Amino acid sequence: MFRAKRRTVVTMASVAAVLLAGALVVTLTERSGQASGVTYVGGDNSQQVYAAGHRALAPDFTGTSLTGTPIRLASYRGKVVVLNFWGSWCAPCRAEGPTLAVLSQQYRSKGVSFLGDDVGDTTANALAFTRDIGIGYPSVNDASYSIVQDFSRVASVGYTPTTVVIDQTGHIAGLVIGKISYQSMTTILNDVTASR
């Protein structure tokens, strides 16, 4: 009976050690980003840059802008695109809006286009939001979250706001989950535009 208990304890300790070692390897890999091709901006895993060869293809979509103009993501091919998922009802979206407006002006001369995906919103509220914030770039009306669903299949898009940076080949090069900061976006954009 003593030997059986001892074997059980040794077996359980061995299993725990293997699980702990596995968790440590996963944690170190996630933090370094080396094995997965991901670099975390400022050590924050909600702000990511993907190395070439580790970038998922952004889903193409066609939608209608808040002003009624057709928009197709494929028409932006050859440019870096910042795609921001937002809603006028979202407090962090209101907080990051002025920063996105400034960045869109600053990076226009570098061939970076900004595009919004207005989710779960009315057109009237969304237009008032963009007017109040001073956002001059177009946004697609995505009241049903269909574009969010397409993107969530290839990237961590499911939280509002989320901002995706798409490289000139149409691949996802960077991602910020939650409210962007000027510093994190300039770090990501400078990395993506320098690699062209």
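Coordinate-derived values only; no laboratory data. This one's a predicted model, so the numbers in the text were calculated from it and none came from an experiment. Quick reminder, even Gly has a Cβ in these numbers, built from the backbone with ideal geometry, and neighbours come from all protein chains shown.
Is segment 38-194 best put as rounded, prolate or oblate by its Cα gyration tensor, with a ≥ b ≥ c the root eigenvalues, rounded for a/c under 1.5, and otherwise prolate when a/b is larger than b/c, oblate when not?
On the way: a/c = 1.43, a/b = 1.31, b/c = 1.10.
Taking the square roots of the gyration eigenvalues as a ≥ b ≥ c, segment 38-194 is rounded.
Can you compute the charge dipole magnitude of segment 88-171 about its Cα centre, using +1 on each Lys and Arg Cβ and -1 on each Asp and Glu Cβ, nothing else charged? Give it in debye, rounded to the nearest 20.
Roughly 220 debye, rounded to the nearest 20.
If you take the beta carbon distance between Ser75 and Gln106 as r and set R0 to 25 Å, what does 1/(1 + (r/R0)^6) give as a FRET efficiency, to the nearest 0.05?
In this case the efficiency is close to 0.65.
Of the peptides 128-135, 72-79, how do they stack up when ordered by the mean number of other Cβ atoms within 10 Å, highest first? Display every interim value, and only then the final one.
Values: 128-135: 15.9, 72-79: 14.2.
Ranking the peptides 128-135, 72-79 by packing returns 128-135, 72-79.
Can you give the charge dipole size of segment 38-194 about its Cα centre, rounded to the nearest 20 debye, using +1 on the beta carbon of Lys and Arg and -1 on the beta carbon of Asp and Glu?
Value, rounded to 20: 300 debye.
With unit charges on the beta carbons (Lys and Arg positive, Asp and Glu negative) and the dipole taken about the Cα centre of segment 60-196, which residue among Trp89, Val140, Gly78 sits farthest to the positive side?
Towards the positive end, the residue furthest out is Gly78.
Take every DSSP beta bridge with both residues inside segment 38-194 and express the antiparallel ones as a percent of the total, to the nearest 5. Please report the intermediate quantities before stating the final value.
Working: 21 of 32 bridges.
For segment 38-194, the DSSP antiparallel bridge percentage is about 65.
Residue separation times 0.36 nm, minus the C-alpha to C-alpha distance between Arg153 and Thr123: what's the value?
In short, 8.2 nm is gained.
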